[in-house]
Every structure is written in structure tokens, then in C-alpha cells.
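What follows is a short report on a single structure.
Each reported figure results from applying straightforward, stated rules to the coordinates on display, with no laboratory input. Remember, it's a predicted structure, so these values are computed and weren't measured experimentally. Don't worry about glycine lacking a Cβ; one is built from the backbone with ideal geometry, like all the others, and counts go over all protein chains shown.
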Amino acid sequence: MWLFPKRRVYLDHASAPPVLPEAVRAMREAEELVGNPGAIHAEAVAAKKSLENSREHIALLIGCKARELIFTDGLTEANNIAVLGSARKLELQGRTLNGTHWLVSSIEHDSVLHCFGEVERMGGTVTCVEPDERGIVLPEAVAAALKPETVFVSIGWANNEIGTVQPLASIARVIREHERPTSLTCGLPIVFHTDGGQAPLYVSTVVQSLGVDLVSLGANKLYGPHGVGALIIRNRVELSSVLFGGKQEHGARPGTENVALAAGFAAAFEKIVGERDAEARRVEKLRGQLASELALQVPGLVVNGDLKHALPHMLNVSIPNISSEYLTLSLDHAGIAVSTKSACREGEESRSHVVEALKGEDWRARNTIRMSLGRDTDASDIARTVEAFVRFASPKKG
């Protein structure tokens, strides 16, 4: 039995927001299309038309050309294709990875960091760039880490644990300036990749203005269905598939495309883009209330990251002398869902590698709580959450 009313407070939208009704309807309609979009009969042509309509719609909303967007089975696969597809392309061109340099920020999602571990195994040299104490990867830090032999850089658009939005356009300018006088890379451009994650929920920047070459997206982070994502591949970049099979998605991602999931992705994206600015202002106000009340009422609480430069729905805090796992479970029993870090790391090591990179007190990386608000969050949810935090996280009086 819950300690609070039956309606639960869901503050884990960064992990998996609910699928919008518009996306569900679009998927149900598309499920009626029985054809394989790779065939040539009438049913297949109808399925292909639906798939391409979804592609064109998402491309228009994110600000790229439809031919630059391929569908994947999610954000993790998109990241893998971006990083390892670039590495494989170099190998197939006869250029060994030995002597190549790869750059990644230390606060990336595991689906990016583990790819760079594989690049190291393949012979590449990898450098991790540290953020500042706010969680921002500064352009000058990237500039200092670039080398004549650098071939690839990956900096996430917005961090998945503390929400800090990175200055991608400024970083891109640094990369392009470094590129110009360099001849040691045999004329290879430096490929700039970003894990898009949840940034398009609240950041309206058109992809073309970011200066990036590759952008990974996941529908499940954008109120769309699980099991579908996208990778934007700008014209100057060539990738080789890391999967084997057919020639779907320009040969970069073999396998029969899921027409229904693509339709759900497009419908969800259209809905959130249409309401993005108003929703950003609404959740930012609620997040501000939550942050200020927690800071006032929970002794020793520290906000991780910089709320002025973060996605408006995300709040990451650390509380001394209390287990984050205990607090998460206590809040869950009270009907409030939060997480201790990225859901992909739950149950693994107890420290947050993102908060650890902020160079604060040692306990902060162990005692993190991530709260991420959503479209269904209201003022009463904030009040319930603050009350529960005070109940479970404040020192008990004798």
C-alpha cells in the first residue's frame, strides 16, 4: 500500500517518458500496412510510402534532408553505427586505426563511451575531455585536446544525467579551425558526432546550425515508441555498416524497417515540437520550485550541474549521509518514481561518472538522485515530492 494517494508521481522522464496518444494512433494505423517496404507489390509500395513520409516529417522537424536520416532500432544503435561505422569505414579504405586519434567527453552515455573502448581495442588512440565544474565541455578544452591525427569527436548535445546543454556550434568552429591547416590526416575531415538524446524535447536549434556531422536520436526519449531511433548523416560523411544483411537505409542499417514504429516516432516528434516552447517554460518553472524547496528544506543538498545551462525538466541532486538507493526505494514506496543515475547504469557501480567528473566532494558521486519532469507533472507533484524528500532525507530529530 502506498503512503500517498494512488496516483503516482513519475519523475523519470529522462529514462522513458510515456508514449503519446498521437503516437499510439499513428502506429495502429500503420500496423494495417502489411507489406515489406523493400518489395515492389502494391502492399509494399504503401508501406514504403508511409515509411518515407515518416522520414521526411522527422527530417523537416529536426532540420535536415530526408536522405540524410536513417532509421535505427534506438539511440544506442544509432550511437554504435556513428562511432563504429566511422571506424570500420577507415579500415575498409585501407587506413588502419593505428595512428588515428579519437576524442570524446568523459560524461557521455555508456552507449557512446563503450564504443570508444572498442575503438581503442581496434588500435585507435582515445582522449577523454573533462567538463568544467558545471558539467559543460568548453570549446577551449576541446581545442587543447585536438591533435593533427584527430579523426573523430563525440560530444553529447545535452547530458543525460545532469541535463547540461553543450555549446556544440562553438565546439564545431574549434574543430573546423583545427581541420584547415592539417595535412597529416591525409585529407580526412574530422567527423563531429553528437548523441542527441532528449535535447530536441526543449532545444529548438536546427541541426544544420550546430555544425555537427552525425546526430543520434531515440524516439523513446521524445515521447515516442521504444525500439526505433534515427541517425542523421550529413553529406560529407561516409559510414560502413557494423551489421550485416540487406541494403536497407542506404546500406548503413540492414534489416526490414518497422513502418509502424517510424510512424509513431514522427507523430510524437510533431506533437512535442509544436508545444516545445510553452512546455519548456512550464516545466522550467516547476523545476525551479522543486530545486529551491529542496535546497531550503533538505540539509546539505547540492544541485549537480548548472540549471541556467541545462534542459528545463531535469534536476540532479546529491544529499550527504544517505544512500541514494535507499532514498529512491523509499520515494518509490511513497508513490514517487526517481532514479539514482542513468537507467542504463542502475544496478551497476554505485558512483555516477558524470557527477564525479564535476570534481566536487567525493560523496556527491555516490549519493545522486535524478529527477526529470514531464508533460503530466504539475504543482501538486512538486509538493508531494518535496514533502517526501523531507520525510526520508532529513536528519531524524531525537
Considering only G227, G218, G135, give the residue with the highest GNM mean-square fluctuation for the chain, with springs between Cα atoms whenever their separation is below 10 Å.
G227
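Arranged from highest to lowest average of other beta-carbon atoms within 10 Å per residue, in what order do the peptides 371-382, 97-108 appear?
Values: 371-382: 18.8, 97-108: 21.2.
By packing density, highest mean first, the sequence is 97-108, 371-382.
Using only helices, what value at 222 nm comes out for the chain when you add -39,500 (n - 2.57) per DSSP H run of length 4 or more and divide by the total residues, to the nearest 500 deg cm²/dmol?
Mean residue ellipticity at 222 nm (helix-derived): -12000 deg cm²/dmol.
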Net charge dipole size for the range 300-389 [Lys, Arg +1 and Asp, Glu -1 on Cβ; Debye, nearest 20]
240
Quick one: order I136, I171 by neighbouring beta-carbon count within 10 Å, fewest to most.
I136, I171
Check: the chain dipole with +1 on Lys, Arg Cβ and -1 on Asp, Glu Cβ, in debye:
400
With all pairs of different alpha carbon atoms counted, what Kirkwood hydrodynamic radius in Å does the range 8-145 show?
18.8
Phi-based couplings in Hz for the range 277-288 (Karplus 6.51, -1.76, 1.60; Gly and Pro marked x)
5, 5, 5, 4, 5, 5, 6, 5, 5, 5, 4, x
If the cut-off is 12 Å between C-alpha atoms, which aspartates and glutamates fall inside it for K271, apart from same-chain ones fewer than 8 positions away?
E22, E279
Give me the angle, in degrees from 0 to 90, between the Cα long axis of helix 324-333 and the longest principal axis of the Cα atoms of the chain, rounded to the nearest 10.
80
Sorted largest first, extent of the chain alpha carbons per principal axis (Å):
71, 53, 33
For the chain, the longest principal axis of the Cα atoms and the Cα long axis of helix 42-62 enclose an angle in degrees, to the nearest 10, of 60
Give me, ordered by chain and number, the residues 5 or more places off S352 or on other chains with an amide H under 5 Å from its own placed amide H.
R366
Using a cut-off of 15 Å between alpha-carbon atoms, which aspartates and glutamates can reach K359, once sequence neighbours fewer than 8 places away in the same chain are excluded?
E130, D132, E133, D306
Which whole-Hz couplings ³J(HN,Hα) result when phi for each residue of the range 373-383 is put into the Karplus expression 6.51 cos²θ - 1.76 cosθ + 1.60, θ = phi - 60°, listed in order with x for Gly and Pro?
7, x, 5, 9, 7, 10, 4, 5, 5, 5, 4
If we count other beta carbons within 10 Å of each Cβ, what is the order of S318, S170, fewest first?
S170, S318
Among the listed pairs K147/K308; K49/K247; K89/K247, which have their C-alpha atoms separated by more than 20 angstrom in this model?
K147/K308
Report, by chain and number, residues whose modeled amide H sits under 5 Å from the one on K147, excluding near sequence neighbours (fewer than 5 apart, same chain).
none
For S339, what residues show an amide H to amide H distance below 5 Å, using hydrogens built from the backbone and excluding near sequence neighbours?
R370
Can you give the relative contact order of the chain as a percent, counting alpha carbon pairs under 8 Å and 6+ residues apart?
24
From phi via Karplus (6.51, -1.76, 1.60), per-residue ³J(HN,Hα) for the range 20-26 in Hz, x at Gly/Pro:
5, x, 4, 6, 4, 5, 5
Rounded to 10°, Cα long-axis angle of helix 168-179 versus longest principal axis of the chain:
40
Determine the percent antiparallel among the DSSP beta bridges restricted to the chain, to the nearest 5.
50
